[in-house]
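The values are calculated or read from the model by the stated rules, or taken from the named source; none is laboratory data. Owing to the predicted nature of the structure, the values given are computational and were not obtained by experimental measurement. Cβ placement follows ideal geometry from the backbone for every residue including glycine, while neighbour counts extend to all protein chains displayed.
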Amino acid sequence: MTEQRNDVDEILSAIRAAARRVTVAKRTVAEVLCDANGHLSADEITTAVQQRQPEVSPSTIYRILEEFEELKVVVHSHLGQSAAVYHLSGAVHGHLTCEECERTVQIPASHFDALSKDLQKSYGFLLDRHHVAISGWCALCQAAQLKRS
């Protein structure tokens, strides 16, 4: 609980440092994000916030998520065909998403170093590694497919 409290306090400090108001809704969104064990969609965040503070509207939560992104507190990613998901800023990582079971695995951004350099050199394109999601099939789904064949 202490680590979660420190993370919430850091988010609230970032809000204050940007000369913005700390509200009950912002504090609750921060708590939900810090309690999460991974990525949450906006709908999942809304549900969790409204369980704690039912009066907070979904539109308020979306605005808070936008503000948190502006403040670099959270990052959103697009994983496969699913809705965007949010997670606390921190170590940059990419995602591998299984087309079959939709499981997502975080991988270190270093796996994209060579690709990033090649894209920059060949196309002048700067890769945003926070948003990298590669779709394919996980080992379990590949094995299940082989058994069916």
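Worth a mention:
- Hey, V73 in contact (Cβ under 8 Å) with a residue 60 or more places away in the chain, within 20 Å of D7 (Cα to Cα) and in the same structural domain as E31 (by TED's automatic domain parsing) or not: yes
- Enumeration of residues in segment 93-140 that are touching a residue at least 40 places away in the same chain (Cβ under 8 Å) and either small (G, A, S) or in contact with a Pro (Cβ under 8 Å, 6 or more places away or on another chain) (or both): G94, A133, S135, G136
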